[in-house]
1. Carbon and sulfur: what percent of region 167-215's accessible surface (1.4 Å probe)?
2. At a Förster distance of 35 Å, what's the computed FRET efficiency of residue 158 paired with residue 110, Cβ-Cβ distance as r, to 0.05?
3. Give me the angle, in degrees from 0 to 90, between the Cα long axis of helix 2-22 and the longest principal axis of the Cα atoms of the chain, rounded to the nearest 10.
4. Fully extended, how many nm does the chain gain between residue 371 and residue 288 (0.36 nm per residue separation, minus their Cα-Cα distance)?
5. Give the lysines reachable from residue 107 as a straight Cα distance under 21 Å; neighbours fewer than 8 places away on the same chain don't count.
6. For a quick check, take a GNM of the chain with Cα springs below 10 Å and name the residue from 242, 79, 174 with the largest mean-square fluctuation.
7. How much length would be gained if the chain were fully extended between residue 68 and residue 330, taking 0.36 nm per residue of separation minus their Cα-Cα distance, in nm to one decimal?
8. For residue 337, go through the lysines and keep the ones whose alpha-carbon is under 26 Å away, minus same-chain ones fewer than eight residues off.
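The values are calculated or read from the model by the stated rules, or taken from the named source; none is laboratory data. The structure displayed is predicted, hence computed values, not measured ones. In this analysis, Cβ positions are derived from the backbone assuming ideal geometry, glycine residues included, and neighbour counts consider all displayed protein chains. Heavy atoms of the whole protein, side chains included, go into the accessibility calculation; ligands, DNA and RNA do not. Shrake-Rupley method; radii C 1.70, N 1.55, O 1.52, S 1.80 Å.
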Amino acid sequence: MQNRWLKWGILALVIGGAAVLFYKKVYLPKSTYNYETAKRGDLNLTVFGIGNVSAKNIHPIASNTGGKILKIFKDQGESVKKGELIATLDPVDLPDQLAQAKALREKSRFETEASRQELRQLEAQQELARANFRRYETLNKRGYAAQEEYDKARTDLKVVQAQIAAAKARISSSLAEQKRSQKSIDALQQKIDRLRVLSPMDGTVVSKDAEAGQTIAAQQPIVTVVDPQEVWVKAYIDERISGQIAKDQKAQIVLRSKAGQKLPGIVARIEAESDPVTEERVVDVAFDKVPIPFYLNEQAEVTIRTGQVKGAILVPLTLIRHDGVWVYRKGEAHFVKLEILGKNDRFAAVKGLREGEKILIPDPHKKPLFEGADIRL
């Protein structure tokens with residue numbers, strides 16, 4: 001009999017110990033929840049989007065004429081100034097043609113000068129021949145000079161006058177040849193100048209689109225240049241939240257290569273056309289100060305500040321389930337439906353909670369929450 005009571009006593013102790021152990025090690029941990037306290041404060045409302053570094057204007061720089069590239073003077077990442085030489089193309093025989101045209105111009109100039117000197121001599125001879133003719137004309141009328149002498153004087157004057165006319169014609173011809181040669185020189189020089197590709201703007205080379213020795217067509221890009229002041233992030237925002245965005249709103253930009261650095265920015269443009277596939281609106285966010293160096297198409301995160309809610313109850317977004325939260329009241333769990341006034345990437349401003357109320361943190365490793373469930377903190 002004593003052995004039986006001893007067995008029952010031992011069994012009771014084992015069961016009691018197991019119950020205490022279950023209560024302390026299983027039941028209490030499963031029903032004990034961590035919590036956040038509802039606090040009142042101001043909330044900056046934000047909209048979040050992901051995009052890529054882009055630019056307002058991207059400038060492919062090309063030659064107006066085709067040809068073989070002799071040299072490219074700029075590479076990716078290098079800065080350029082307006083009017084700075086980017087590349088040169090092979091002029092082939094254009095320099096020889098230019099030299100020939102200049103030689104013809106010089107020849108015409110010499111011919112013009114020689115003809116003018118000849119003209120001055122002929123004009124002097126003309127004065128002498130005219131004076132001689134007038135003298136013989138007077139003598140012939142008075143009968144003191146033979147007709148043959150008079151005719152010869154008149155003929156000499158006409159010969160000189162004809163020579164003067166010929167000299168003037170040669171001058172006109174050589175001047176016309178000079179003009180034609182100069183036009184040829186100007187045209188050839190323009191062709192040669194077009195083989196020197198100059199930058200039309202200040203900027204940074206973001207891509208090298210050709211190589212030395214390559215033959216390119218007219219208007220084929222050689223390099224692509226971007227003005228750093230026009231660099232921005234082309235962000236994609238869900239249409240459902242994009243209505244809060246307006247031009248000139250402040251923003252923060254986080255580049256993938258600088259994950260720990262928040263760069264200030266501003267909404268520069270909201271594009272008029274949304275993406276019909278992703279149902280996202282394109283928002284261009286400019287940097288307050290463009291990071292140097294910058295990399296086009298680098299992934300970036302954008303957070304746009306769209307407004308502020310003051311003096312509201314703030315709840316972490318991670319605690320909101322089905323537009324409500326679980327709260328602790330008198331040892332029990334109760335679900336409270338909330339009116340969300342606004343939110344950012346971390347918190348929501350809500351109505352429906354009291355300041356200081358304990359908000360339970362749901363945990364899949366604990367017993368499920370239900371209305372009126374016994375809860376410990």
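1. Result for region 167-215: 51 percent of the exposed heavy-atom area is carbon or sulfur.
2. With R0 = 35 Å, the Cβ-Cβ based efficiency is 0.75.
3. Between helix and principal axis, roughly 30 degrees.
4. Length gained between residue 371 and residue 288: 24.8 nm.
5. Residue 107 reaches 168, 179, 183.
6. Maximum fluctuation in the GNM of the chain, among the listed residues, is at 174.
7. Residue separation times 0.36 nm, minus the Cα-Cα distance, leaves 85.8 nm.
8. 30, 39, 310, 351, 358, 366, 367
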